[in-house]
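First comes the structure, then the notes that go with it.
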Number of protein chains: 2
Amino acid sequence: MTSSLGLVTPHTFTFGEAEPFVLESGATLGPVTLAYETYGRLNAARSNAILILHALSGSAHAAGTHAADDAHPGWWDECIGPGKAFDTERYFVICSNVLGSCYGSSGPTAENPQTGRPYGLAFPVVTVGDMVRAQERLLDHLGIERLLCAAGGSMGGMQVLEWAAHHPGRLRAAIPLATTARHSPMLIALSEVGRQAIYADPAWNNGDYYANGHKPDAGLAVARMVGHITYLSDASMNQKFGRRLQTREQYGYEFQTEFAVESYLKYNGNNFTRRFDANSYLYVTKAMDYFDLTQPTGSLAAALAGASAIKFLVVSFTSDWLYPSYHSKDLVRALHTVGADVTYLDIESTWGHDAFLLEVDTMTRLLGSFLDRLAQEEGVARP
Amino acid sequence: MTSSLGLVTPHTFTFGEAEPFVLESGATLGPVTLAYETYGRLNAARSNAILILHALSGSAHAAGTHAADDAHPGWWDECIGPGKAFDTERYFVICSNVLGSCYGSSGPTAENPQTGRPYGLAFPVVTVGDMVRAQERLLDHLGIERLLCAAGGSMGGMQVLEWAAHHPGRLRAAIPLATTARHSPMLIALSEVGRQAIYADPAWNNGDYYANGHKPDAGLAVARMVGHITYLSDASMNQKFGRRLQTREQYGYEFQTEFAVESYLKYNGNNFTRRFDANSYLYVTKAMDYFDLTQPTGSLAAALAGASAIKFLVVSFTSDWLYPSYHSKDLVRALHTVGADVTYLDIESTWGHDAFLLEVDTMTRLLGSFLDRLAQEEGVARP
């Protein structure tokens, strides 16, 4: 597949060598590495930077390709590039891999300097707050005092809200998509089932499997299958698969994958084990489960009191049962309470949670015009 | 716990010794045993029999207790007994364990007469149609030509619909609750994730684990956890658990069960492995996945053409996302097309799929008055 951005270069940024990074838990971590990529150019006023935040299984590779023969471009390539929603002719787009992940940032797969071997479960539990404070160090490193915008869906949206609530002076606008300010018990339950599937795999070996040549792939695949069901909707599964059999003409009356929807899950579950780490799955889902902006006061409006000068574009999707629209509506209500400038859209879509990635035309129009107005109001010069 | 029915006696009925039972797949099975229980007495006209059909993990033990110190009565004890919805002073209530299950009926845990050991995966794949045809043999054995009613929720409701569509002459009324005439791809996907969790457990050993002293408990527990999430709703989980921590005052920043919803899932998942068989989980979910009354014509009305003389009480629940109300509405539409007498209620409830078991007061009023009218119209004498 081709990308309008062409080849892009992965970067890393390391900090906390001299003084370790203090996590929300009180634990310390150092050195800390973040993998990141950038697209487009920073303007002279350093006012055109947009930070893209990724979801559970995402990486810093949001757009472009790493090699001429790459099978796929970055995960949000359809929205990042020249003339796209995040127009790289106008904006300097940054995406970094979150702390705890396995795509080049510090996480359980990284080398533990104390042992010279991968951290495994010796890696400290991190929070969305920690992820964002690490990104803040990256912005310092890149010399960006204030972002034009932070944008992301799902866990990416949680990071956007964390930025807005706890670092409001560092962004002009925020685009949280298909997300929540407070992980619900249903979301925690779904995370926990995925984690239990990993724990249940003997190859997981309490997180110590990197030297064994045998990873907990079976458990991770089951976790991912649960995830895939939650990213779709009843309606989209009816449209996409129905009760179609994958290869057979009639029921086989045996325990083989035979419905098309079963093949889809199995394929994606197995595929995931080739690109993601089981321990990272534990860390990143745990960070999501801990996410609750209403703490410690119990009031979301109180948490967002400092965000009144930020412009928000909040988007939910009618068939997203993982992050149902009421989460976004609660957020919008809190933002109105603090007097923030909010645009909210509950988009009619049958694509479930995945809609924020799949409804490309709608998202392009919506994000594009929001950013366009924002850039004009802010007098953001082209690079 | 006490039951108004007191002690009840489990029975078994065996058939197919001389001539084996031919399954929908074409495979044969014999002998076939069904475990069953009955409550109340058959009247002289044999016109007051009600067949209760159970769901995925249910058994023939629908009401009463098996011993004075039983911790729990049967699974629908709140609705079966003197003066209850299924009033045992008036009706002869029968419940049999489905084919493929592990509560006394023929299934993978039963002895394979060819080997003298449990069947395991040598047990043939059965369908909801097979389950119902086996129940028909039981009715013949009990001397019941025509049921006053067949009633059940979830997979029990599928059996009710199978009775109505393919054996309409043998029942006067049908009560399908929280169910569907056609298992959707989302339901298949959820079944398959549970099965994959079992397959992924090395102790499953391709279904051959009965002699190993080591069952695939870890896999079955994960499958059940997925199930439990689907039986609840986002709203009921918010009410029941919220983000409450089970024992801690604050986050532990480690991979332990700490949220109340996690404890609930873990407890129920582990508990299930002490009472259910992993292979039976495969067989029963597969039967549900194959269930599609619209086949072979593609028309549900065509499938129900013979059911026009049956009175239906169809019930769905607003927060049931596993069997959303549209399934019941499609069914009601088809029943109207064939001219059946249908009462349909979409009950406002936050309890999700479990509502059919939990909304006891509503169900008691509803089922009780439906049966009351039915018994009067039919001139059903007390036993």
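The values are calculated or read from the model by the stated rules, or taken from the named source; none is laboratory data. Everything quoted here is computed from the prediction, not taken from an experiment. Neighbour counts run over all protein chains shown; Cβ positions are idealised from the backbone, glycine included.
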*Output yes when any residue across the range A:200-213 is in a loop (DSSP other than H, G, I, E, B), more than 7 Å from chain B (Cβ to nearest Cβ) and closer than 30 Å to B:Gly26 by Cβ, and no when none is.*
no
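Condition test on A:Gly157, is it surrounded by 24 or more Cβ atoms within 10 Å (Cβ to Cβ) and not hydroxyl-bearing (Ser, Thr, Tyr)?
Numbers: surrounded by 24 or more Cβ atoms within 10 Å (Cβ to Cβ): yes; not hydroxyl-bearing (Ser, Thr, Tyr): yes.
Spelling it out, A:Gly157 is indeed surrounded by 24 or more Cβ atoms within 10 Å (Cβ to Cβ) and not hydroxyl-bearing (Ser, Thr, Tyr).
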*Hey, among the residues in the range A:258-279 that are of a type in the set (D, E, K, R), in contact with a helix residue (DSSP H, G or I) (Cβ under 9 Å, 6 or more places away or on another chain) and surrounded by fewer than 20 Cβ atoms within 10 Å (Cβ to Cβ), which one's nearest to B:Glu192 (Cα to Cα)?*
A:Lys266
*Does A:Leu322 fit the bill of being part of a strand (DSSP E or B) and in contact with a Ser or Thr (Cβ under 6 Å, 6 or more places away or on another chain)?*
no
*Give me a count of the residues in the range B:145-195 that are among the hydroxyl-bearing types (Ser, Thr, Tyr), within 14 Å of chain A (Cβ to nearest Cβ) and under 15 Å from B:Gly227 (Cα atoms).*
1
*Within the range A:62-71, is there a residue that is under 24 Å from A:Arg172 (Cα atoms) and in the same structural domain as A:Met131 (by the TED database)?*
yes
*Within the range A:282-308, can you find the residues that are closer than 30 Å to A:Thr109 by Cα and within 11 Å of chain B (Cβ to nearest Cβ)?*
A:Leu282, A:Tyr283, A:Thr285, A:Lys286, A:Ala287, A:Asp289, A:Tyr290, A:Phe291, A:Asp292
*Identify, by number, the condition in (1) at positive phi; (2) within 9 Å of chain A (Cβ to nearest Cβ); (3) among the polar types (S, T, N, Q) that B:Asn238 doesn't meet.*
(1)
*Before we move on, is B:Leu304 in the same structural domain as B:Gly152 (by the TED database) and of a type in the set (A, V, I, L, M, F, W, C)?*
yes
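Within the range B:109-126, which residues are over 15 Å from B:Leu23 (Cα atoms) and either in a loop (DSSP other than H, G, I, E, B) or of a type outside the set (S, T, N, Q) (or both)?
B:Thr109, B:Ala110, B:Glu111, B:Pro113, B:Gln114, B:Thr115, B:Gly116, B:Arg117, B:Pro118, B:Tyr119, B:Gly120, B:Leu121
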*Condition met for A:Lys311 (away from chain B (no Cβ under 11 Å), farther than 19 Å from B:Gly194 by Cα and of a type in the set (D, E, K, R))*: yes
*Being of a type in the set (Asp, Glu) and farther than 19 Å from B:Ile229 by Cα is the filter here, so list the residues in the range B:264-300 that pass it.*
B:Asp277, B:Asp292
_Which condition from (1) closer than 27 Å to A:Arg365 by Cα; (2) at pLDDT below 95; (3) not charged (D, E, K, R) is the one that A:Ile52 breaks?_
(2)
*Does any residue in the range B:104-118 that is closer than 20 Å to B:Tyr281 by Cβ come within less than 8 Å, Cβ to Cβ, of a residue that is polar (S, T, N, Q) and assigned to a strand (DSSP E or B) six or more places away or on a different chain, and which pairs are these?*
B:Gly104/B:Thr12; B:Gly104/B:Thr33; B:Ser105/B:Thr33; B:Ser105/B:Ser96; B:Ser106/B:Thr33; B:Ala110/B:Thr33; B:Pro118/B:Asn112
*Tally time: how many residues in the range A:38-71 are under 27 Å from A:Phe272 (Cβ atoms) and hydrophobic (A, V, I, L, M, F, W, C)?*
11
